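Structure, as structure tokens:
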């Protein structure tokens, strides 16, 4: 088994977690596996941020294409990276969290891109917020794009418990998570493969302290979700609600069956709205 590890001592962030101007440190995390066509663009969108007090961590799942070689080309800009087999994206994120030093943590997919002022917008928003010391989660609008980065639509909404407990209304790409959120609620549950970020945020229920930036901060490629992934995402979403007592086990299991039937009908009609 091949395993590549890179550690550096000259992180962009200081041991005090703030620079000499008092700018809080941010950790940017990317989990990647066989993304040679996109990873360089993703890395460049991070390392060229206008906000400078951040560290960048990349966790590769043991890529078999040219991804690792591309990462090595940028390793002087990375606080930490590793390439080894893992149990999926949430396992990779947990590995990165163990190495992170930032007061705020954000996740960027290997085929996604941050706007170059994204970190600055988030920190500016946080610093101006009247309850900035209590904030735990901040999200924004996200631009969904095709593979060639041509626009599809803009998505995202402010977090509201009554909406969020029904479905994932926020987008994890570029969203800021307070380090205290992980101290309080633990890391991601690696038994989830698609809906682990939703399950994590459900743990706080209506006690999550949030804010929203009414500007796009990132571009997310929308390559479509396979039939298998749609069924898996639906099942995991209801299991997350059962785990966090948003739904009873009986009602949750019933809704899993109902939603499977709904998805089967959609599939039979070519995934038209049902």
**Close pairs from segment 251-274: first farther than 18 Å from residue 229 by Cβ, partner part of a helix (DSSP H, G or I) and at pLDDT 90 or above, Cβ under 6 Å, at least 6 apart** = 252/238; 252/241; 252/242; 255/238
**Message:** Just to be sure before I move on: is residue 116 within 28 Å of residue 81 (Cα to Cα) and in contact with a helix residue (DSSP H, G or I) (Cβ under 9 Å, 6 or more places away or on another chain) in the structure I sent?
**Reply:** yes
**Prompt:** Can you spot a residue in segment 54-70 that is touching a residue at least 40 places away in the same chain (Cβ under 8 Å), more than 27 Å from residue 190 (Cβ to Cβ) and assigned by TED's automatic domain parsing to the domain that holds residue 110?
**Reply:** no
**Request:** Could you tell me which residue of segment 42-52 is farthest from residue 23 (Cα to Cα), considering only residues that are surrounded by fewer than 16 Cβ atoms within 10 Å (Cβ to Cβ) and out of contact with any helix residue (DSSP H, G or I) (no Cβ under 6 Å at 6 or more places or on another chain)?
**Result:** 44
**Fill in**
Within segment 101-121, residues out of contact with any strand residue (DSSP E or B) (no Cβ under 7 Å at 6 or more places or on another chain) and either modelled with pLDDT under 95 or part of a loop (DSSP other than H, G, I, E, B) (or both) come out as 116, 117
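State whether the residues of segment 77-97 include one that is within 20 Å of residue 23 (Cα to Cα), in contact (Cβ under 8 Å) with a residue 40 or more places away in the chain, touching a helix residue (DSSP H, G or I) at 6+ places or on another chain (Cβ under 8 Å) and assigned by TED's automatic domain parsing to the domain that holds residue 54.
So the first thing to find is which residues in segment 77-97 are within 20 Å of residue 23 (Cα to Cα), and the list is 77-79.
Now drop any that are not in contact (Cβ under 8 Å) with a residue 40 or more places away in the chain, which leaves 78-79.
After this cut, where a residue has to be touching a helix residue (DSSP H, G or I) at 6+ places or on another chain (Cβ under 8 Å) as well, the list is 78-79.
From the residues that got through so far, the ones that are assigned by TED's automatic domain parsing to the domain that holds residue 54 too are 78-79.
Within segment 77-97, one or more residues are within 20 Å of residue 23 (Cα to Cα), in contact (Cβ under 8 Å) with a residue 40 or more places away in the chain, touching a helix residue (DSSP H, G or I) at 6+ places or on another chain (Cβ under 8 Å) and assigned by TED's automatic domain parsing to the domain that holds residue 54.
The values are calculated or read from the model by the stated rules, or taken from the named source; none is laboratory data. These numbers come from a predicted model, not from an experiment. Reconstructed Cβ throughout: ideal geometry from the backbone, glycine too, with neighbour counts over all protein chains shown.
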